[in-house]
Amino acid sequence: MIAAVDALRRLREGNQRFVAGVRGTGLPDGATRRSELVLGQEPFAIILGCSDSRVPAELVFDQGLGDLFVIRVAGNVVASSQIGSVEFAAEKFQTRLVVVLGHSHCGAIDATIDALEHKAGSDSRGLRSIVDRVRPSVEPLMSTELVRNRRELARQAVRANIRASANQLRHGSDILETHIQHHGLLVVGAKYSLDTGEVDFFDGLPD
């Protein structure tokens, strides 16, 4: 079992390699690693990220097979299935770090802002369910001066949505609360920049 702070350090170092375009030299080759993982896994971090094809967690953090337990859903929103997936990894594998990973230029955020501005949206109930989960974190921003600057509004909305999802994981599950209070589980929020490749860990970091 890897402590949360050590797992966080590994992710930061991996992202630094990704930004620099340098692949880690300590990663075993695919065939060797596959055979090692047949009978089990020990992921050192849980990543709840967006489904966006431009943000694959294993590449962004320069990790290999079996290193990360990745849950992906548009808008990195939290519903019962996402909570259950995090609970499973925390209980089954004793993984001690959870990262909610959002990103810049997020389509789910843009769709939510459009909906709050009463612009025409999709008729899909499924898509509306995602917007409805993002809405509570974005709606308060619509009554501020940010509405005059769509780019800054979207930037702040991404961060607010990440914070909201991380907070839901911290307080939406008795199992996760127990792991946080007694077993060293850490839930942090982070934002990936499509422009630079950098991940900014900004929410829930240890002192």
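The values are calculated or read from the model by the stated rules, or taken from the named source; none is laboratory data. Remember, predicted model here, so these are calculated numbers, not experimental data. We place every Cβ from the backbone using ideal geometry, glycine too, and count neighbours over all the protein chains shown.
Please determine whether any residue of segment 114-132 is among the β-branched types (Val, Ile, Thr), surrounded by 16 or more Cβ atoms within 10 Å (Cβ to Cβ) and either out of contact with any Gly (no Cβ under 7 Å at 6 or more places or on another chain) or in contact (Cβ under 8 Å) with a residue 12 or more places away in the chain (or both). Checked segment 114-132: at least one residue is among the β-branched types (Val, Ile, Thr), surrounded by 16 or more Cβ atoms within 10 Å (Cβ to Cβ) and either out of contact with any Gly (no Cβ under 7 Å at 6 or more places or on another chain) or in contact (Cβ under 8 Å) with a residue 12 or more places away in the chain (or both). Taking (1) surrounded by 15 or more Cβ atoms within 10 Å (Cβ to Cβ); (2) assigned to a helix (DSSP H, G or I); (3) not hydrophobic (A, V, I, L, M, F, W, C) in turn, residue 35 satisfies each apart from (1).
Of the residues in segment 80-102, none is part of a loop (DSSP other than H, G, I, E, B), farther than 21 Å from residue 182 by Cβ and of a type outside the set (Lys, Arg). Given the criteria free of Cβ contacts under 8 Å to residues at least 24 places away in the same chain, surrounded by fewer than 17 Cβ atoms within 10 Å (Cβ to Cβ) and not acidic (Asp, Glu), does residue 30 qualify? No: the conditions fail for residue 30.
Is at least one residue of segment 58-72 part of a helix (DSSP H, G or I), more than 19 Å from residue 164 (Cα to Cα), of a type in the set (Asp, Glu) and in contact with a helix residue (DSSP H, G or I) (Cβ under 7 Å, 6 or more places away or on another chain)? No, every residue in segment 58-72 fails to be part of a helix (DSSP H, G or I), more than 19 Å from residue 164 (Cα to Cα), of a type in the set (Asp, Glu) and in contact with a helix residue (DSSP H, G or I) (Cβ under 7 Å, 6 or more places away or on another chain).
Restricting attention to segment 135-186, the residues that are in contact with an Asp or Glu (Cβ under 7 Å, 6 or more places away or on another chain), farther than 18 Å from residue 73 by Cα and hydrophobic (A, V, I, L, M, F, W, C) total 4.
Tell me whether segment 76-83 contains one or more residues that are touching a helix residue (DSSP H, G or I) at 6+ places or on another chain (Cβ under 6 Å), aliphatic (A, V, I, L, M) and modelled with pLDDT of 95 or more. I'd like the intermediate steps shown before the answer.
Filtering segment 76-83 down to residues touching a helix residue (DSSP H, G or I) at 6+ places or on another chain (Cβ under 6 Å) leaves 76-78.
Next, only the ones that are aliphatic (A, V, I, L, M) stay: 77-78.
With the extra rule that they be modelled with pLDDT of 95 or more, the set shrinks to 77-78.
Among the residues of segment 76-83, at least one is touching a helix residue (DSSP H, G or I) at 6+ places or on another chain (Cβ under 6 Å), aliphatic (A, V, I, L, M) and modelled with pLDDT of 95 or more, which makes the answer yes.
Listed by first and then second residue, the pairs with beta-carbon distance under 9 Å, at least 6 apart or on different chains, first residue in segment 43-64 and among the polar types (S, T, N, Q), second in a strand (DSSP E or B) and buried (at least 23 other Cβ atoms within 10 Å of the Cβ), are 63/45.
Within 29 Å of residue 17 (Cβ to Cβ) and in a helix (DSSP H, G or I): is that true of residue 169 in this structure? So residue 169 passes the test. If the condition is being more than 20 Å from residue 11 (Cβ to Cβ) and either free of Cβ contacts under 8 Å to residues at least 60 places away in the same chain or of a type in the set (A, V, I, L, M, F, W, C) (or both), then segment 168-191 contributes 171, 174, 175, 177, 178, 181, 182. Restricting attention to segment 133-158, and to residues there that are touching a residue at least 40 places away in the same chain (Cβ under 8 Å) and under 13 Å from residue 108 (Cα atoms), which single residue is nearest to the chain's Cα centre (by Cα)? Ranking the qualifying residues of segment 133-158, first place goes to 158. Every condition in (1) outside any helix (DSSP H, G or I); (2) under 22 Å from residue 206 (Cβ atoms) holds for residue 5 except the one numbered (1).
Here is a list of conditions, (1) touching a Lys or Arg at 6+ places or on another chain (Cβ under 8 Å); (2) of a type outside the set (Lys, Arg); (3) part of a loop (DSSP other than H, G, I, E, B); (4) surrounded by 15 or more Cβ atoms within 10 Å (Cβ to Cβ), and residue 201 meets all of them except one; can you say which number that is? Looking at each condition in turn, residue 201 falls short on (3).
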